[in-house]
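The values are calculated or read from the model by the stated rules, or taken from the named source; none is laboratory data. Remember, predicted model here, so these are calculated numbers, not experimental data. Note: ideal-geometry Cβ built from the backbone for every residue, glycine included; neighbour counts use all protein chains shown.
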Amino acid sequence: MSRRAAAAGSQSSLREANRLLVVETVKRYGGLTQVELATATGLSQATVSTIVRELLAAGVVDTANTTRSGRRAQMVTLARRVGLAVGVHVGHRSMRVVLGDFTHEVIAEQSLPLPSGHRADTSLDRVALLVVDLLERVGATLDDVVGLGVGVPVPVDSSTGMVSVAGLMPGWDDVHVGQVLSKRLGLPVYVDNDANLGAIAESTLGAAREHDDSLYVRVSHGVGAGIVIGGHVHRGAGGTAGAIGHLPVEFPGEPCRCGNDGCLDTVVGAQALLGRLRNSHGVLALRDVVQRTNDGDQRCAQVVAEAGTAIGRVVAGLGVAVNPQVVVVGGELADTGEVLLRPLREAARRKVRLNPFVPLEVVAAALGSRAEVIGALALALRSTDVPLRVDTDEDVDAAAGTA
Amino acid sequence: MSGDVPLLSMRGITKRFQAVEALVDVDLDVHAHEIVALVGDNGAGKSTLAKMISGVMAPDTGLIEIDGEQVTIPSATAARALGIATVFQDLALCENLDVTSNLFLGRELRSGPARDDGRMELIARQVLRDLNSRIPSVRSPLSTLSKGQRQSVAIARTLIGSPRLVVLDEPTASLSVGHTAEVLVHIERLRDLGLGVLLISHNMNDVRAVADRIVVLRHGRNNGEFDAATVSHEVILAAITGATASEVESGPLSTLLRR
């Protein structure tokens, strides 16, 4: 939407603010009728009707006839110029599904908490049902969808779309994620590691947009990194490039799910962090640690900062190998801001002193905790043969996909 | 969290209906900022226990403590005064009223002799926003809302009057996955707001997704208590059905459970 500068307090600035309010409201709810729009925004019916007509003419929204409590009504949704795509991020304790269009605009979104050690059959079934549910919410069908991008928190073999390292996610080892979902939904499905998807999102739409070489470090229940070289995600021969969570950092260390000892994940993974807080704080969830850190809890902040240092040391090594312009840090724990970032930055810089004039930048993900799912959406969109009307997407890299 | 005084503590709760032992010597704790799931087969006593907490039914014997103080909960009003809010399976909402009226049903705000509709709408919007609810308008009549949205309204209603403990009886029963997702996110939100939540459910997936602790009832008795983040599906199922550990690992049940 074009935003003309208008004098504050003038008629036109008010109109502009109202227009923005209507767009934001439609975006938040996915789709709603003009009557609902009026009550949700607090604007009058007449104002809403005028604004919707303007937005329709400008191609920002679409309208469709529907019924609400037996009466005819106008359903307003964001325009889906060419088609829709679905982004899915399956994590260790939650999944998130978004519907987006070719402008990467998210038009509907839903997250779902998942049990620990959730199984592939149940969770993929829920993915499929959630996708259909979200489509219904915005008045669309599977025919409007061009493809589905799926992120999982383990390395993925890009040629097969299967989990490439056994044992990291019990019950998912032999599951052909792409095939299961594409058979179920009748759509092309592209599967990738979630840190790679975060890297795609941040390097095209987020904090690393200006740079050719960047790292995306995802700090959540486990740690992973996505490596972008010359604008392309580097996945490696077996899809395990950037799997820094399984780099050994302690000798001898705790046993890791991957079969080795002393991996970074055994030091900074959710289980390790929560275990360190158990004596003082009892049983916490990872998001409690984030919330308490932000509320000023010293002990939680200390544990997060220690994790930052440990991850920074490993990022330093990766930095030497890749020499990126920027390291973008995402994942749940990045919501603690500088508490995690400062020690991570310091540890990374202490080791990387190759060029004193270009210090290694370490910044928070611009897309926040949505980076991965937006990356999944972007992956589906860039893998689809439709003329893109998006500006930053020429540096599309070949997708890891299965049709 | 384990060290402090529980928000709700029940000890030795027993209830008999003639020959039926609904509850026998049941213990239950719920802390602030905690989701406790109460699971069990049909007739295990889950709903009976919930009714005692919400003041619908009194135990024959046993102690109930709120913040370490012994209390009796003789009525729903008394429960509400103690900061306990309950959502029963039949949501008890009025189809013909709008969202705001349903939230404040029986507790309408007044300014002088008249209803203070403006303030009620304001609070209604705020409560729905606190829950990150997707209900577009607080003026929508209930009849226009989906099943999931109605459940959201019922959960939002518990927040009116700032309760500290929310009891939810089968909140995701017969909801689609999309609506289940919304409700589960709401439940996590209640906990993150610092409330204690007692979640009664049959769905092991939903329970293990959001709960901190899982308490199993079997034939009206405590039959295990588990840390939800680490316990496996199989172990809870075994506690619910009464299968012993050896049977789970090697017996004929093991093949069934692994499927």
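Under the condition of being of a type in the set (A, V, I, L, M, F, W, C) and either without any contact (Cβ under 8 Å) to a residue 24 or more places away in the chain or in the same structural domain as A:Ser94 (by TED's automatic domain parsing) (or both), the residues counted in region A:252-271 number 2. Once region B:52-71 is narrowed to residues that are of a type in the set (Val, Ile, Thr) and closer than 12 Å to B:Leu8 by Cβ, the residue that is nearest to the chain's Cα centre (by Cα) is B:Ile53. Candidates in region B:86-111 are the residues that are under 20 Å from the mean Cα position of the chain (by Cα) and part of a helix (DSSP H, G or I); of these, the one that is farthest from B:Ser143 (Cα to Cα) is B:Leu103.
Summed over region B:182-198, the residues that are more than 13 Å from chain A (Cβ to nearest Cβ) and in contact with a Pro (Cβ under 9 Å, 6 or more places away or on another chain) give a count of 2.
Output the residue which, of all residues in region A:35-49 that are away from chain B (no Cβ under 11 Å) and of a type in the set (S, T, N, Q), is nearest to A:Val76 (Cα to Cα). Checked region A:35-49; the qualifying residue nearest to A:Val76 (Cα to Cα) is A:Ser49. Within region B:37-72, the set of residues being of a type in the set (Ser, Thr, Tyr) and buried (at least 16 other Cβ atoms within 10 Å of the Cβ) comprises B:Ser47, B:Thr48, B:Ser54. Does region B:117-137 hold any residues that are at pLDDT 85 or above and at the interface with another protein chain (Cβ under 10 Å from one of its Cβ atoms), and which are they? Within region B:117-137, B:Glu121, B:Arg125 meet the criteria. Annotation note: Cβ proximity below 6 Å between a residue of region B:123-140 that is of a type outside the set (A, V, I, L, M, F, W, C) and a residue that is part of a loop (DSSP other than H, G, I, E, B) (sequence gap 6+ or interchain) occurs for B:Arg125/B:Val138. Scanning region A:54-90 for residues that are part of a strand (DSSP E or B), of a type outside the set (A, V, I, L, M) and either over 25 Å from A:Ala378 (Cα atoms) or within 14 Å of chain B (Cβ to nearest Cβ) (or both) turns up A:Thr63, A:Asn65, A:Thr66, A:Thr67, A:Arg68, A:Arg71, A:Arg72, A:Gln74, A:Thr77, A:His89. Answer yes or no: is there a residue in region A:169-183 that is buried (at least 24 other Cβ atoms within 10 Å of the Cβ), of a type in the set (Gly, Ala, Ser), in contact (Cβ under 8 Å) with a residue 40 or more places away in the chain and not in a helix (DSSP H, G or I). No, region A:169-183 contains no residue that is buried (at least 24 other Cβ atoms within 10 Å of the Cβ), of a type in the set (Gly, Ala, Ser), in contact (Cβ under 8 Å) with a residue 40 or more places away in the chain and not in a helix (DSSP H, G or I). For region A:66-102, the set of residues classified as among the small types (Gly, Ala, Ser) and either modelled with pLDDT under 85 or touching a Cys at 6+ places or on another chain (Cβ under 7 Å) (or both) consists of A:Ser69, A:Gly70, A:Ala73, A:Ala79, A:Gly83, listed by residue number.
Taking region B:187-236 as the region of interest, the strands (runs of 3 or more DSSP E) fully inside it that hold 1 or more residues being β-branched (Val, Ile, Thr) are B:196-200, B:213-218.
Please verify whether A:Ile374 is within 19 Å of A:Ala243 (Cα to Cα), assigned to a helix (DSSP H, G or I), touching a residue at least 40 places away in the same chain (Cβ under 8 Å) and not assigned by TED's automatic domain parsing to the domain that holds A:Leu148, treating the condition exactly as stated. Considered against the rule, which asks whether it is within 19 Å of A:Ala243 (Cα to Cα), assigned to a helix (DSSP H, G or I), touching a residue at least 40 places away in the same chain (Cβ under 8 Å) and not assigned by TED's automatic domain parsing to the domain that holds A:Leu148, A:Ile374 comes out as no.
Looking for something free of Cβ contacts under 8 Å to residues at least 12 places away in the same chain, outside any loop (DSSP other than H, G, I, E, B), more than 20 Å from the chain's Cα centre (by Cα) and surrounded by fewer than 24 Cβ atoms within 10 Å (Cβ to Cβ) - is there at least one such residue anywhere in region A:217-239? The answer is no, given that none of the residues of region A:217-239 is free of Cβ contacts under 8 Å to residues at least 12 places away in the same chain, outside any loop (DSSP other than H, G, I, E, B), more than 20 Å from the chain's Cα centre (by Cα) and surrounded by fewer than 24 Cβ atoms within 10 Å (Cβ to Cβ). Checking each residue in region B:142-181 for being in contact with a helix residue (DSSP H, G or I) (Cβ under 8 Å, 6 or more places away or on another chain) and facing another protein chain (nearest Cβ under 7 Å) picks out B:Ser176, B:Val177, B:Gly178, B:Ala181. Considered as a group, the residues in region A:320-335 that are in contact with a Leu (Cβ under 9 Å, 6 or more places away or on another chain) and of a type in the set (Gly, Ala, Ser) include one that is surrounded by the most Cβ atoms within 10 Å (Cβ to Cβ), and that residue is A:Gly330. Within region B:142-159, which residues are in a loop (DSSP other than H, G, I, E, B) and either touching a Ser or Thr at 6+ places or on another chain (Cβ under 6 Å) or crowded, with 19+ Cβ neighbours inside 10 Å (or both)? Hit for region B:142-159 is B:Leu145, nothing else. For region B:1-47, taking the residues that are under 21 Å from B:Thr172 (Cβ atoms) and assigned to a loop (DSSP other than H, G, I, E, B), the one that is nearest to the other protein chains (Cβ to nearest Cβ) is identified as B:Gly40. When B:Leu184 is tested against (1) at pLDDT 90 or above; (2) in a loop (DSSP other than H, G, I, E, B), just one condition goes unmet, and that condition is (2). Scanning region B:59-85 for residues that are small (Gly, Ala, Ser), closer than 19 Å to B:Ile200 by Cα and not in a strand (DSSP E or B) yields B:Ala76, B:Ala79, B:Gly83.
Hey, among the residues in region A:97-130 that are of a type outside the set (A, V, I, L, M, F, W, C), in a strand (DSSP E or B) and closer than 30 Å to A:Val60 by Cα, which one's farthest from the other protein chains (Cβ to nearest Cβ)?
A:Asp101
Of all residues in region A:21-33, which are within 11 Å of another protein chain (Cβ to nearest Cβ) and part of a helix (DSSP H, G or I)?
Within region A:21-33, A:Thr25, A:Val26, A:Arg28, A:Tyr29 qualify.
When you check A:Tyr190 against the structure, is it part of a strand (DSSP E or B) and either assigned by TED's automatic domain parsing to the domain that holds A:Leu274 or more than 17 Å from A:Arg96 (Cα to Cα) (or both), yes or no? Criteria not met by A:Tyr190.
State yes or no: is A:Asp133 crowded, with 19+ Cβ neighbours inside 10 Å and either within 14 Å of chain B (Cβ to nearest Cβ) or at pLDDT below 90 (or both)?
Answer is yes for this residue.
When B:Glu21, B:Glu34 are screened for being among the charged types (D, E, K, R) and surrounded by fewer than 20 Cβ atoms within 10 Å (Cβ to Cβ), only B:Glu21 passes.
For (1) surrounded by fewer than 18 Cβ atoms within 10 Å (Cβ to Cβ); (2) at pLDDT below 85, each residue gets a yes or a no:
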{"position": "A:Ala8", "(1), (2)": "yes, yes"}
{"position": "A:Leu14", "(1), (2)": "yes, no"}
{"position": "A:Thr33", "(1), (2)": "no, no"}
{"position": "A:Val48", "(1), (2)": "no, no"}
{"position": "A:Ala64", "(1), (2)": "yes, yes"}
